[in-house]
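Just so you know, all these numbers are worked out from the coordinates, no wet-lab data involved. This one's a predicted model, so the numbers in the text were calculated from it and none came from an experiment. Here the Cβ positions follow ideal geometry from the backbone for every residue, glycine too, while neighbour counts run over all protein chains shown.
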Amino acid sequence: MSQKLQPVRGTKDILIEEHRLFSHVVNAARRVAGLYGFDEVATPIFEFTDVFKRTLGDESDVVSKEMYTFDDRGGESLTLRPEFTAGIARAFVSGGLGNQLPLKLFSSGPVFRYERPQKGRQRQFHQVNFEMLGAAEPVADIEAIALGAQLLETLGVADRIALQINSLGDTQSRDNYRAALVEYLSDYKSELSEDSKVRLEKNPMRILDSKDEGDRKIIAGAPVISGYYTDEATDFFAQVTEGLDMLGIKYTRNNHLVRGLDYYCHTAFEFTTEALGAQNAVLAGGRYDGLIGTMGGPQTPAVGFAGGIERLMALIDRQVVRSRPVALIPIGERAEKEALVLAHTLRGEGFYVELAYSGNVKKRMKKANNTNAIAAVIFGDEELDNGVVKVKAFDNGDEAAVTPDQLLDRLGAFKGG
Ligand code: HAM
């Protein structure tokens, strides 16, 4: 029975302090998205299973092993979203948004994958997600990556993160590459894992994603995609990297970066960290020109990425995130009543106010300091008779008696500092 009172394995409550951090990440993402002209959208948490199955790739780990799929009471096969992109593409097609291009769409919310839980990996996690639809030019790839870099800067975690990029080429490049890969892998067919034997027939590029050790040894000697680009694909990627160079965004070229979902072409990228053990990708995405067409919509080039909110939270300096209150410390009954009014006024002016009624003044001051208050406002009968309050700044210990009119200015100055 008691086990049933635990959250389900791979899920977590996001309580108080954690939620403050969570909101901080989402707010920062929304703000930075705003600088790039994104609008916000929300799509359902579950979709018809086909929305994901047909687009992410039958042989991908996400579809073959990780989806939360169930029949509803009407017998429809539904799936909890394992990512945002396919659902947004579905909304784009079913909402007939094709005549509003280009679109830049920001979303955030829970995502579900049945993976083995470990540090930085959950079964219900949360993403901030960015999609640019109707964006054929390499400048969109550059902007997507720049947005990601700016988000990491804003959150103060950029110095712990590196950017890896690759190009998966266009359809022709991938056809050429797939043929070469199959030729190479066929020689090792009997040594491949069972999963990879199936993939060899159905979707050989997914073998590059395999975590099986035997497979990994074979893959190490496999041809890499960069040898099979068409001139157009080479040129497209050169324009992306040139743009990143112009913006001073540092990256490493990683020939082995193929991403775990089938819909990608051209640019693929991951911002990774060494701070989270094996789960190293923090933001990841790329271009997916074919996805909307595959769904039966108009051919619509697109590029985007998603960030794992929990992974970003794990990297943030928590101290920075807490907002700082003004502590009101009234002494005596009359002051307590006045404090209620003063708290109301200060909150109306946008201050975060904590009312500290109980305990002696020393204790209350200590508590205020522990909540990292910017200042304490202290007053009893004597101050009220003189029409002043005492203000003590916690950072530098400055103390002054000020009139209620001067109080806002004085607190404002602390706030700025
Ligand atoms: P993804 O690489 O599968 O891409 O996931 C994006 C990010 O979600 C990862 O980099 C990671 O931070 C986080 N993440 C993934 N799985 C877990 C997990 N089990 N626990 C915690 N965090 C996790 C996508 O989802 C694509 N839809 C991104 C995209 C958008 N591509 C184009 N547009």
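Here are the numbers:
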{"quantity": "Within the range 346-386, GluC sites (Glu not before Pro) in DSSP loop having at most 16 other beta-carbon neighbours inside 10 Å", "calculated": "E349"}
{"quantity": "Positive dipole terminus of the range 294-414, leading residue within L340, P404, A302 (C-beta point charges)", "calculated": "A302"}
{"quantity": "In Hz, Karplus ³J(HN,Hα) per residue of the range 181-187 (6.51, -1.76, 1.60; θ = phi - 60°; x = Gly, Pro)", "calculated": "5, 4, 4, 5, 5, 4, 5"}
{"quantity": "FRET efficiency for N396 and T371, using Cβ-Cβ distance with R0 set to 22 Å, rounded to 0.05", "calculated": "0.80"}
{"quantity": "Cα-projected label distance for V224 with I316, points at 7 Å along beta-carbon direction, nm", "calculated": "3.6"}
{"quantity": "Exposure proxy ranking, count of Cβ atoms within 10 Å, fewest first, for F305, F70, F46", "calculated": "F70, F46, F305"}
{"quantity": "Where trypsin sites (Lys or Arg not before Pro) fall in DSSP loop in the range 218-290, at most 14 other Cβ within 10 Å", "calculated": "K250"}
{"quantity": "Whole-Hz couplings from phi, Karplus 6.51/-1.76/1.60, listed for the range 210-227; x for Gly and Pro", "calculated": "4, 9, 5, 5, x, 4, 4, 5, 5, 4, 4, x, 6, x, 10, 5, 4, x"}
{"quantity": "The range 213-320: radius of gyration and largest Cα-Cα distance (Dmax), Å", "calculated": "16.5, 50"}
{"quantity": "Within a Gaussian network of the chain (alpha carbon springs, distance under 10 Å), most fluctuating of Y352, Y68, Y177", "calculated": "Y352"}
{"quantity": "Length gained when the stretch T234-T11 is fully extended (0.36 nm per residue, less Cα-Cα span)", "calculated": "76.0 nm"}
{"quantity": "Rg in Å to one decimal, and Dmax rounded to a whole Å, for the range 265-406 via C-alpha atoms", "calculated": "25.9, 77"}
{"quantity": "Hz values of 3J(HN,Hα) by residue in the range 81-90 - Karplus curve (6.51, -1.76, 1.60), Gly and Pro given as x", "calculated": "4, x, 5, 8, 4, 5, x, 5, 4, 4"}
{"quantity": "log10 of Debye I(q)/I(0), alpha-carbon scatterers only, for the chain at 0.11 Å⁻¹", "calculated": "-0.88"}
{"quantity": "Overall Cα dimensions of the range 279-362, principal axis frame, Å, largest first", "calculated": "72, 31, 15"}
